[in-house]
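Undergrad: Please find one structure pasted underneath; my questions will follow.
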Amino acid sequence: MSSTAASVRPAAAGAHAMIELQHVNKWYGQFHVLRDVNLTVETGQKIVICGPSGSGKSTMIRCINRLEEHQQGKIIVDGVELTADLRNIDTVRREVGMVFQHFNLFPHLTVLENLTLAPIWVRKTPRKEAEDTAMHFLRRVRIPEQASKYPGQLSGGQQQRVAIARSLCMRPKVMLFDEPTSALDPEMVKEVLDVMVELAKEGMTMMCVTHEMGFARAVADKVIFMDKGEIVESNAPTEFFAHPKSDRTKLFLSQILGH
Amino acid sequence: MASIPTSERRPAAPRMRLSLGDPIFRAVVYQVAVVGAVGFLVWYLASNLVANMEARKIASGFGFLSREAGFAILQKLIDYAPTDTYLRALIVGVLNTVLVAVIGIVLATILGTLLGIGRLSRNWLVARLCTGYVETLRNIPLAVQLFFWYVVIKDNLPAVRQALHPLPGFFLSQRGLAMPVPADNPANPWILAAFVVGVAASIAVGRWAKRRQAATGQPFPTLWVGAALIVALPVLTWLASGAPTAFDVPELRGFNFRGGVILIPEFVTLVVGLTTYTAAFIAEIVRSGILAVSHGQTEAALALGLQRGLVLRLVVLPQALRVIVPPMISQYLNLTKNSSLALLVGYPDIVSVANTTLNQTGQAIEGIGIIMAVFLAISLSISGIMNWYNKKIALVER
Amino acid sequence: MSDAAASLNNRTAFGAVLGTRAGQWARSNLFSGWLNTAVTLVVAYLLAKAIFAVASWALFNAVWDVPDNQTQVCRDLHGIGACWALITHNYRFIFFGTYPYDEQWRPAIAVLIFIALYGASAMRRFWSIKLLYAWIAGLAAIGILMWGGIFGMPLIETDRWGGLPITLILATFGAVIAFPFGVFLALGRRSNLPAIKTLCVVYIELIRGVPLVSMLFMASVMLPLFLPQDLTINKLLRAQVAVIMFAAAYLAEVVRGGLQAIPKGQYEAANALGLTYWQGTWFIILPQALRIVIPPLVNTFIAMFKDTSLVSIIAIYDLLNAASGTINTEPAWRGFGMEAYLFVAMIYWIFCFSMSKYSQHVEADLSRAQKR
C-alpha cells in the first residue's frame, strides 16, 4: 500500500523531539499522581508504557493532549508548549490523535460520519475530500464495508479499528493509545494489534499504554515501566524484558508474564 | 512535624493573562457579558416598574400588613376576625395551606401505596381496577377534577337542618363537616408534649438497641417498645391530669353549628381532589420501586437463611425506598403547590387570602411576592430534606 | 392437580369449561386461593353495581336533547339521568368559546392541524427536516386561521378566542418556545462558569418552587407594570409568557438529566478530536441526550397540557373555563356541572392518554435498543 506519505507527516529537518516532558508533576487534590516525569519521544519513535494500575501511565498520556492538566513542569508537543492557553491546546489536539480503551465512538452517527465530523468542522475540509480520506482509512483498517453502519452494529474489534481510523483522519503527527485492547474479547485483540503494528511500521510516532508485551517486543523502540507516578525504568525491549534492573520491574514482569 | 519539601508541595495556580486564549480570561469575559445582559434587562424592567407605579399611584412597601383586613375567612385554625390585620389574615391562609398539604400528603401516601401494591396484585380484577384508576386520574387535569368534586359534594349535601349525623358529634351538611374537638384544657399542651417525648424516646431506644445488638448480638423488640412509648406516655399524662373527657361538641344554633371545628366543603373538596389525584402518581412510584428490586436479591437473602420478614426489612425495603423516596418527595412538593388551586373552589389558603389582599390594597407586587416567598420556603425545605436523604443513602460506587 | 382430579374435570361439563384456556387463566388469576376468590367475588359484585348505576345515569335515563332551552325535563331527572342536552346544545361554545358562530370553521381546522402535527411528530419515519418545515407551516397556518384579516377572513381579536384552540395554542407554543430556552438553562446549569451556573440555578429553582398560579398572577397583573407605558400586550400573550417561563424550568431539569447520562468518554472523544465546546455540544452531546429523555419530555408536555386549565384564574376562556361558562352564565343550564365537567374530562383524557401511551411506547423502544 502506497500510503506512507498519506498517513504520516515527514519530520522537519533538524527537528526538535516530537514530545518532551520535563519535570512534569501532577496532583489530584493532595495526591501526587505524577512525580517528576521526564521523557523525550523523537519523531517516529514507538514508546510502550506499562505498569500496575494506579501508576499514572494513563494520566501521563492524557496530559499530552490536555485531557488532564499538569500543575508543574513542561510538556512540549512538536514545539508547542502545553499551557492553559486555549489556542495552544487546540493546536496540539489537532496534531495528536487518541484511541481510548472504551472506543468512545459516537453512537448516533454512522461510521463514515464519525470519521468525517472532525475533519469537516475542525480542519474545515470539504465534505467530499473528508469522505475520500475516511474511506481510505477505513480500507487501511480493513473494514470499508462498514461505512454506513452504526457503531452499535459492530463488534468490539471493529469499533476500535474505526476509532483508530477516526483519529488517523485528522492526520496527526502523534498517536496516543490508552489501553486499546483491554476492553476487547481475546479473539479480537489480534486484529487491532495488527493495525497498530502496520501503523508503527509506516513510521508513526506512537505512545502506547498496554499490557500486550508481544506488541511491545515487536514494535517498541523503548519500553517504559511506571510505578506510583514515576518512571522507574526505560529501556529497549530486548534489554527490558531480559534484564530488568529494578526490583519493582522484576516483580511486575513476573506477575504479567508468569501466567 | 517536618514540613513538606517545596518540590513535593502542590504549586499555586498560575496568574491570569489578558488574552482570549487564556481560559480564565475567557471565562471572565463570558460571564461579564451574560451578567451584564441580564443586569441590563433587570434595570430596564425595574425602571419601567417604578415609572408605572408612580403614574398609577400604586403604593409600595409592606405597611399595609398592619392595616385592618376587613374580610372574613370561613375556616381558621387560629382566632381571626375581619377587624384583624392583613398580616394575621395571611397567617391564617398559610396555616390553611399547611393543613391541606399535610392531610393531603398523609392520605395520598396511604391511598397511593395501596393502589401501587394493588397494581402488582396477582388478582387480575384488582390489578386492572387499580391500573384503570391510575390511567384515568393521571390524564385529567386537577382543575377539572376539583370542579367535579365540588359539584358532587356541594350538590349532594343536605341543608343544615337536615344534616347527616353518622356519628355522635359529627354533622355533615352543606356548611361542611362539623366535628368535636377536645375542649380547651390546661392539660392539653402537656399531653402533646408527652407525645413528642414519646417519639423522641422511641428513637433513642432504637439507637441504644442497635448498639446493644452490635455489641452482644442480642436483638431487641424496638418496634413494639417504641409504639408502646408513643401511645403510653400521652395516655398516662391524660390519666394523670384527671382524664378530662370534655369535648367541644358542635350544636345546631340558628342557621349554623357552633362549637367544635367546622371543615368547610371547600376544604373537603380540596382534600379529596388532591388526595385522589396525587395518589395516582404515588401508585406509579411505589410500583416502580417494588419492581426495581430484582428478584435475585430476594433469592439471595432467602438462600442465606433470612426469614421473609427480615428479607423485606433488611434487603428489599431499603433498596425499594432508595428508588421511591426522591420522586415521592417530588410528589409531596407537587401536592403542596397544587393546593394553590384552592382559589378555584374558594378555599381560603394563602393564595386566596393573598389574592383578596392584593385586590383590596392594589399592591400586587407585594401580594404575589408573599405567595412566592411562602411556597419557595416550603419547596426549599422539602428539597433540602430530599438532598439530605439522598446523600445519606447513596450507594458508594467506584 | 392430581391425575384423578384432572380426569374427573375433563369428564364433566364444568370441568370442560375449566379445562379451556380461559378457564385456566381465570383459575390462576382470579380464583387461585380462598382469599383471592373472595376478593374477586366482592370486587366483581361492587363493580357490577357501580357500572349499572353509572350506566343507568349516563345512558339509560339520560336526556339527550331538549327543545330550545327548556330544561325542566332535565331538572326533573336530576340525579337519576344525565342531562347530555347540555352538551348537544352547547358543544360549540365549549369547543370554541365566544368565537363568532359563522367563523368557527377556522378554529376547527386549526385544531385538526394541531392533531395532525402531533400525530406526524410521533411517527419516527417522519423525523426529518421536512417535519420542521411542516411545523413552521402548520403553526403559521393556525395563526392565520385564528386571526384572519387576510384572504377575505374577518379579523378576530384574541379576546374572542376560546375553548380547545386556546388550550392547544398555550400548550404547543409554550412547549416549542420553552424548549430551546430550557436547553440553554440545562447547559448553563452544568457550566463551569460560576456566574452563569448561579443564574441558571436560581431561575430554575425559583420557578420550580412556586405554583403556576402565582406565575399566572405575575404575568397577568405585573407584566404590564414592567413594560413601558405605551406598550400593551393582550391577556392571551401574558398567559403564554407565564406558561413559557414555567415550562422552561421544568424542561431544563429533564434535559439536564439527559446530559448527565452521557458517558464522560463522549466528551473526551470530542475534545480529543479538537471540537470546540459548542461543536461538541451540538453534534455529539445534545443529539444523544435529547434522544434519551424523550419519554420524560413527553410527560412534561402532558403536564403542561393539563396545566393550561389553570388560565381560567386569569379569565382566559380555555376549554375548562368555557365548560364552566355554560353552567354558570345561563340560568337554564345552572346546576348541570357534572355533565359539563365529565365531558371536558373526557376530551382532556383522550389527548393526555394518547400522549402517555406514546411515551410508554418510546420508552419500551429505547430500553429494547439498549439491551442489545
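Undergrad: Considering all alpha-carbon pairs of chain A, what whole percent are spaced by more than 32 angstrom? Walk me through the numbers on the way to the answer.
TA: Numbers: 6939 of 33411 pairs.
Counting pairs separated by more than 32 Å, the tail of P(r) holds 21 percent.
Undergrad: Once you average over the residues of C:261-273, how many Cβ atoms of partner chains fall within 10 Å of each Cβ? Mind dumping the intermediate values first?
TA: Numbers: counts 0, 0, 3, 2, 6, 5, 2, 8, 14, 4, 6, 16, 17.
Average per residue, whole number: 6.
Undergrad: Cα atoms only: what Rg and Dmax, in Å, come out for segment C:116-158?
TA: When restricted to the Cα atoms of segment C:116-158, Rg and Dmax are 13.4, 38 Å.
Undergrad: Name the residue from C:I144, C:I156, C:A85 whose Cα lies farthest towards the positive end of the charge dipole of chain C, charges +1 on Cβ of Lys and Arg and -1 on Cβ of Asp and Glu.
TA: Checked the options; the winner is C:I144.
Undergrad: Shifting gears a bit: FRET efficiency for C:L227 and C:F173, Cβ-Cβ distance as r, R0 = 22 Å, nearest 0.05?
TA: Values: r = 20 Å, r/R0 = 0.90.
Once rounded, the FRET efficiency stands at 0.65.
Undergrad: Over 26 Å between C-alpha atoms is what I'm after, so list which of C:K306/C:K357; C:K235/C:K306; A:K57/A:K124; C:K197/C:K357; A:K173/A:K201 land there. Mind showing how you got there, number by number?
TA: On the way: C:K306/C:K357 16 Å; C:K235/C:K306 19 Å; A:K57/A:K124 33 Å; C:K197/C:K357 35 Å; A:K173/A:K201 14 Å.
Going by Cα-Cα distance, A:K57/A:K124; C:K197/C:K357 fall outside the 26 Å limit.
Undergrad: I would also like to ask the following. Sort A:H211, B:H295, A:H70 by Cβ crowding within 10 Å, fewest neighbours at the top. Write down the numbers at each step before the final one.
TA: Working: A:H211 13, B:H295 9, A:H70 23.
Ordered by Cβ neighbours within 10 Å, fewest first: B:H295, A:H211, A:H70.
Undergrad: Now, a different point. How would chain B be classified by its alpha-carbon gyration tensor: rounded, prolate or oblate, with rounded meaning a/c under 1.5 and the a/b versus b/c comparison settling the rest?
TA: On the way: a/c = 1.68, a/b = 1.08, b/c = 1.56.
Judged from the Cα gyration tensor, chain B comes out oblate (a/c at least 1.5, b/c at or above a/b).
Undergrad: Order by neighbour count: B:F220, B:F257, fewest other Cβ atoms within 10 Å first, most last.
TA: B:F220, B:F257
Undergrad: Using alpha carbon centroids, what distance separates segment B:159-235 and segment C:250-305, in Å?
TA: For segment B:159-235 versus segment C:250-305, the Cα centre distance is 49 Å.
Undergrad: A further question follows. Give, in whole angstrom and from largest to smallest, the semi-axes √(5λ) of the equivalent ellipsoid of the protein assembly as shown, with λ running over the eigenvalues of the Cα gyration tensor. Kindly include the intermediate steps, with their values, before the conclusion.
TA: Numbers: eigenvalues 773, 285, 231 Å².
Working through the eigenvalues yields semi-axes of 62, 38, 34 Å.
Undergrad: So, one more: Between A:K128 and B:S60, with labels modelled 7 Å along Cα→Cβ, what's the label distance in nm to one decimal, could you check?
TA: 6.5 nm
Undergrad: Can you work out the Karplus-derived ³J(HN,Hα) for every residue in segment B:265-273? Use 6.51 cos²θ - 1.76 cosθ + 1.60 with θ = phi - 60°, whole Hz, and x for glycine or proline.
TA: Those phi angles translate into x, 4, 5, 4, 4, 4, 5, 4, x Hz.
Undergrad: With the crude spin-label approximation of a point 7 Å out along Cα→Cβ, what separation in nm comes out for B:Q360 versus B:A127?
TA: Taking the simple label geometry, B:Q360 and B:A127 are separated by 5.7 nm.
Undergrad: Can I ask one more? Scan around B:L263 for amide H atoms under 5 Å from its own, H built in the peptide plane at 1.01 Å from N, and keep only partners 5 or more places away or cross-chain.
TA: Correct list: B:L177, B:A178, B:M179.
Undergrad: I'd like the Karplus ³J(HN,Hα) series for segment B:304-311: coefficients 6.51, -1.76, 1.60, θ = phi - 60°, whole numbers in Hz, and an x wherever there's a Gly or Pro.
TA: The phi angles translate into 6, x, 6, 7, 3, x, 5, 4 Hz.
Undergrad: I need the calculated FRET efficiency for the pair C:L41 and B:V205, taking r as the beta carbon distance and R₀ as 35 Å, to the nearest 0.05. List each step's numbers first, then the result.
TA: Working: r = 45 Å, r/R0 = 1.28.
With R0 = 35 Å, the Cβ-Cβ based efficiency is 0.20.
Undergrad: Next question. Return the percentage of antiparallel bridges among DSSP beta bridges fully within the protein assembly as shown, rounded to the nearest 5 %. Mind dumping the intermediate values first?
TA: On the way: 32 of 51 bridges.
If I count the DSSP bridges inside the protein assembly as shown, around 65 percent turn out antiparallel.
Undergrad: Once you treat every alpha carbon in segment B:90-235 as an equal point and sum by Debye, what is log10 I(q)/I(0) at q = 0.08, 0.10, 0.14 Å⁻¹?
TA: -0.46, -0.71, -1.13
Undergrad: Answer rounded, prolate or oblate for chain C, using the Cα gyration tensor with square roots of eigenvalues a ≥ b ≥ c: rounded when a/c is under 1.5, else prolate when a/b is larger than b/c, else oblate. The partial results should precede the final answer.
TA: Values: a/c = 2.28, a/b = 1.16, b/c = 1.97.
Since a/c reaches 1.5 but b/c is at least a/b, the shape of chain C is classed as oblate.
Undergrad: What spacing in nm lies between the two simple spin-label points modelled at B:L302 and C:S128, each 7 Å away from Cα in the Cβ direction?
TA: 5.4 nm
Undergrad: Work out the charge dipole of chain B with +1 on the Cβ of Lys and Arg and -1 on the Cβ of Asp and Glu about the Cα centre, then indicate which of B:T336, B:V42, B:Q319 is farthest towards its positive end.
TA: About the Cα centre, the residue reaching furthest to the positive side is B:Q319.
Undergrad: Using the Cα centre of the protein assembly as shown as the reference point, and only Cβ charges (+1 on K/R, -1 on D/E), how large is the resulting charge dipole? Debye, rounded to the nearest 20.
TA: Values: 88 positive and 65 negative charges, 314 e Å.
The calculation lands at about 1500 debye.
Undergrad: Roughly how crowded by other chains is peptide A:158-170, in terms of the mean Cβ count from those chains within 10 Å of each of its Cβ atoms? It would help to have the intermediate numbers written out before the result.
TA: Numbers: counts 0, 0, 0, 0, 0, 1, 0, 0, 3, 3, 0, 1, 3.
Per residue, the average neighbour count from other chains is 1.
Undergrad: Any lysines with Cα under 23 Å of the B:K76 Cα? List them, leaving off those in the same chain fewer than 8 positions away.
TA: Correct list for B:K76: B:K154, B:K337.
Undergrad: Does a label point 7 Å from the Cα of A:L251, set along Cα-to-beta-carbon, have any residues of segment A:189-228 with amide nitrogen under 18 Å, and which are they?
TA: The answer is A:225-228.
Undergrad: Can you give the FRET efficiency to the nearest 0.05 for A:V197 and A:E42, using r as the Cβ-Cβ distance and R₀ = 25 Å?
TA: Working: r = 19 Å, r/R0 = 0.78.
For A:V197 and A:E42, the calculated efficiency is 0.80.
Undergrad: With +1 on the Cβ of every Lys and Arg and -1 on the Cβ of every Asp and Glu, and nothing else charged, how large is the dipole of chain B about its Cα centre, in debye rounded to the nearest 20?
TA: On the way: 31 positive and 17 negative charges, 258 e Å.
Value, rounded to 20: 1240 debye.
Undergrad: Got a sec? Charge dipole of the protein assembly as shown, +1 on Cβ for Lys and Arg, -1 for Asp and Glu; which of C:F181, B:I91, B:V196 is way out at the positive end?
TA: B:V196
Undergrad: Given the C-alpha atoms of segment B:318-398, compute the convex hull and give its volume per residue in Å³. Working shown, then result.
TA: On the way: hull volume 7.9 nm³, N = 81.
Taking the convex hull of the Cα positions in segment B:318-398, it is 97 Å³ per residue.
Undergrad: Can you give the charge dipole size of chain A about its Cα centre, rounded to the nearest 20 debye, using +1 on the beta carbon of Lys and Arg and -1 on the beta carbon of Asp and Glu? Write down the numbers at each step before the final one.
TA: Details: 31 positive and 30 negative charges, 76 e Å.
Once rounded to the nearest 20, the dipole reads 360 debye.
Undergrad: With a 4.7 Å Cβ cut-off, tell me which Cys residues in the protein assembly as shown come up empty for a partner.
TA: Those would be A:C50, A:C63, A:C169, A:C208, B:C130, C:C200, C:C352, since no other cysteine Cβ in the protein assembly as shown comes under 4.7 Å of theirs.
Undergrad: Using a ≥ b ≥ c from the Cα gyration tensor of segment B:238-376 (square roots of the eigenvalues), is it rounded, prolate or oblate, where a/c under 1.5 gives rounded and otherwise the larger of a/b and b/c decides, a/b for prolate?
TA: Values: a/c = 3.10, a/b = 1.61, b/c = 1.93.
Oblate, since a/c reaches 1.5 and b/c is not below a/b.
Undergrad: Could I ask something else about it? Pull up all non-local amide H partners of A:I231: gap of 5 or more, or a different chain, and H-to-H distance under 5 Å with H placed in the peptide plane.
TA: Amide H neighbours of A:I231: A:N38.
Undergrad: Ok, one more. Kirkwood-based Rg over Rh for segment A:75-125 (C-alpha set), two decimals? Mind dumping the intermediate values first?
TA: On the way: Rg = 13.3 Å, Rh = 12.7 Å.
Radius of gyration relative to Kirkwood radius: 1.04.
Undergrad: Here's something else I'd like to know. Largest first and in whole Å, give the semi-axes of segment C:207-288's equivalent ellipsoid, each being the square root of 5 times a Cα gyration tensor eigenvalue. Let's see the in-between values first.
TA: Details: eigenvalues 304, 48, 14 Å².
In descending order the semi-axes read 39, 15, 8 Å.
Undergrad: Cross-link candidates for A:K222: which aspartates and glutamates have Cα within less than 12 Å, leaving aside residues fewer than 8 places away along the same chain?
TA: A:E42, A:E233, A:E239
Undergrad: Here is a follow-up. If you take all C-alpha pairs in segment B:58-119, what percent of them are over 13 Å apart?
TA: Percentage above 13 Å: 69.
FYI, it's all coordinate maths here, none of it is from the lab. Keep in mind that what you see is a predicted model, and the values were worked out from it rather than measured. Ideal geometry is used to build each Cβ from the backbone, glycine not excepted, and the neighbour counts take in all protein chains shown.
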